[in-house]
1. Could you tell me whether the range 389-403 includes any residue that is assigned to a strand (DSSP E or B) and surrounded by fewer than 17 Cβ atoms within 10 Å (Cβ to Cβ)?
2. Just for the range 436-472: of the residues that are of a type in the set (Val, Ile, Thr) and farther than 27 Å from PRO376 by Cα, which one is surrounded by the most Cβ atoms within 10 Å (Cβ to Cβ)?
3. Given the structure, is VAL336 at pLDDT 95 or above, among the β-branched types (Val, Ile, Thr) and surrounded by fewer than 22 Cβ atoms within 10 Å (Cβ to Cβ)?
4. Inside the range 105-163, can you point out the residues that are farther than 17 Å from GLY185 by Cα, charged (D, E, K, R) and in a loop (DSSP other than H, G, I, E, B)?
5. Does the range 129-136 contain any residue that is at pLDDT 95 or above, under 23 Å from ALA75 (Cα atoms) and not β-branched (Val, Ile, Thr)?
6. How about the range 258-284: which of its residues are assigned to a strand (DSSP E or B), in contact with a Leu (Cβ under 9 Å, 6 or more places away or on another chain) and surrounded by fewer than 24 Cβ atoms within 10 Å (Cβ to Cβ)?
7. Mind listing whichever residues of the range 17-35 are surrounded by fewer than 18 Cβ atoms within 10 Å (Cβ to Cβ) and either under 22 Å from VAL175 (Cβ atoms) or assigned by TED's automatic domain parsing to the domain that holds ALA306 (or both)?
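The values are calculated or read from the model by the stated rules, or taken from the named source; none is laboratory data. This is a predicted model, so every value here is computed, not measured. Neighbour counts are summed over all protein chains in view; Cβ atoms, including those assigned to glycine, are modelled from backbone coordinates with ideal geometry.
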Amino acid sequence: MKTTRLTVTERPVETIDSDLLIYCVAEEKNKPPLCDHFIKDPVEKAFDLKDFSGKAEEQLMFYPSSVSAEENIKARRILVMGMGKIEKEKDFSKTVDLLREIGGNMAKACKKTKAKTITVCLPAIQTLGPEKTAECFAEGMLLGDYRFLKYKEISKKKGDYAGLKMIRFSCTNSVNSTRKGVKKGVVAARAACEARDMANEPGNGWTSREFADYAKILAQTHGLTYTCLEKKDMKKLGMGGILAVNQGSAIPPRMVILEYKPEKKSDTILLVGKGITFDSGGISIKPSSGMEEMKYDMCGGAAVLATMQAVGEEKPSVGVVAVIPATDNMSGSSAVRPGDIIRHFNGVTSEIVNTDAEGRMILADALAYGIKTFTPDCVVDIATLTGAVVVGLGHHYSGLISNNDKLTDRLICAGKDAGEPLWRLPLTKEYKKQIESKVADIKNVGGRWGGTITAAAYLSNFIDKTPWAHLDIAGTAWDFTEKSYIPKGPSGIGVRTFLNLIRDWKKGGLA
């Protein structure tokens, strides 16, 4: 992934040499937006002509020579971006997402002009303060500037725009707060972009081995504890779910584990991510149309692994453990068959009715093992688990199912602030009854109706009494709600939600 440098400076913006100088202005009622004296004249002229009023997403581009020949402004272009009536917005989450979108629009404007170095004059937003304002802008700009060019050799030769190289934030006061905000935004955005990179890799470029190799590098870089359970280990431990899914594959499964322990005793959050690196459906094979998108079936695992990158950088006060069960789901001659019965790590037996319901099978072993090994204070799993969640919620909300109201509230709040909204679905005994089997303890599908919930009902057999939440991101891991900072393809969803949860966690967080 390319690295964009971000800095904070107190230098006057007119003295900074850059391809683009950006000002952000708020809409005022029936009058021109308040703005810096360097841009006041062109902004007021544009307002009089009804070309620009500072509404959200409005943009005004001009050149320094058209402002003042006397002022030696070193930037080659000046862009004024409208923010709308931002101080009127009472909802904190909407305000921060609006700023992320403005940051994303800045990145899009840079692409149009092929700007590589930019200076952003940080606006004063009283409702947020300089730290949060800088954090949101930095996050939105890096997320909006994302591109995956690893395999586009022809594009590289043509010299196409490769993105931003330098972003400078200019502010006249609160420099330390601004730097702190920029750093937080950079950590969150780069982690989310890493998750996007993993998801964009083809099935032959990202396998269980790549999950393990990446985790090992993170451990070495940030002082995390790395463990990888190989196939022989899984057989000894009786992990019948992940072994069954892997039966038709030529690539062995791996259960990748990263552990972060803070210096002082703390709570522990366990994150479990589905790592199906390609899902053919197995013997219950998927239709060929759109099957290429099944390389994205590891987005949950990518989110969890990328979160650990941010955890390693920030060293929070809460312990975090990541478990990623990783394999592909293929239909080789030894593949698991409909009607087979397997035994999971905790002894629960399962009748396999549909081999395309494989995600819950690997998560079940990972949840049971992770809880037994690490005794966490809570566990959250994340997976592209069911098409049913797309039918129910579309591409705008991720589904959430939980056995704990406080954990639910914290996740919903964390997701809202990240611009990654969650919608809670019920889980009652009626849904659990749908997965009862006549020949085993449970079966891996519960019929057509309530498919997202019955999948969670399956997982509920492996969490004991631990506070638990399940996030189904099948509708949001790609084709997520269109925003300036969300690209087509993988969204990197879950990373920033988890990071918010971790950052805001305090000892006894669910007490």
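1. Taking the range 389-403 and keeping what is assigned to a strand (DSSP E or B), we get 398-402.
Filter once more, so that each one left must be surrounded by fewer than 17 Cβ atoms within 10 Å (Cβ to Cβ): none.
Taking every residue of the range 389-403 in turn, none turns out to be assigned to a strand (DSSP E or B) and surrounded by fewer than 17 Cβ atoms within 10 Å (Cβ to Cβ).
2. So the first thing to find is which residues in the range 436-472 are of a type in the set (Val, Ile, Thr), and the list is 439, 442, 445, 452-454, 463, 466.
Retained after the next criterion (residues that are farther than 27 Å from PRO376 by Cα): 439, 445.
Numbers: VAL439: 9, VAL445: 21.
Selected residue: VAL445.
3. On the way: at pLDDT 95 or above: yes; among the β-branched types (Val, Ile, Thr): yes; surrounded by fewer than 22 Cβ atoms within 10 Å (Cβ to Cβ): no.
For VAL336, the condition - at pLDDT 95 or above, among the β-branched types (Val, Ile, Thr) and surrounded by fewer than 22 Cβ atoms within 10 Å (Cβ to Cβ) - is not met.
4. Within the range 105-163, LYS114, LYS116, ARG147, LYS150, LYS152, ASP160 qualify.
5. Yes, that holds for at least one residue.
6. Within the range 258-284, GLU259 is the sole residue that qualifies.
7. Going through the range 17-35, the residues surrounded by fewer than 18 Cβ atoms within 10 Å (Cβ to Cβ) turn out to be 17, 28-31, 34.
Once the filter is applied, which keeps residues that are surrounded by fewer than 18 Cβ atoms within 10 Å (Cβ to Cβ) and either under 22 Å from VAL175 (Cβ atoms) or assigned by TED's automatic domain parsing to the domain that holds ALA306 (or both), the range 17-35 yields only ASP17.
Condition check ((1) under 27 Å from ASN354 (Cα atoms); (2) under 22 Å from the mean Cα position of the chain (by Cα)) across all residues:
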| site | (1), (2) |
| --- | --- |
| GLY387 | yes, yes |
| VAL391 | yes, yes |
| HIS395 | yes, yes |
| LEU411 | no, yes |
| LYS416 | no, yes |
| GLU420 | no, yes |
| THR428 | yes, no |
| TYR431 | yes, no |
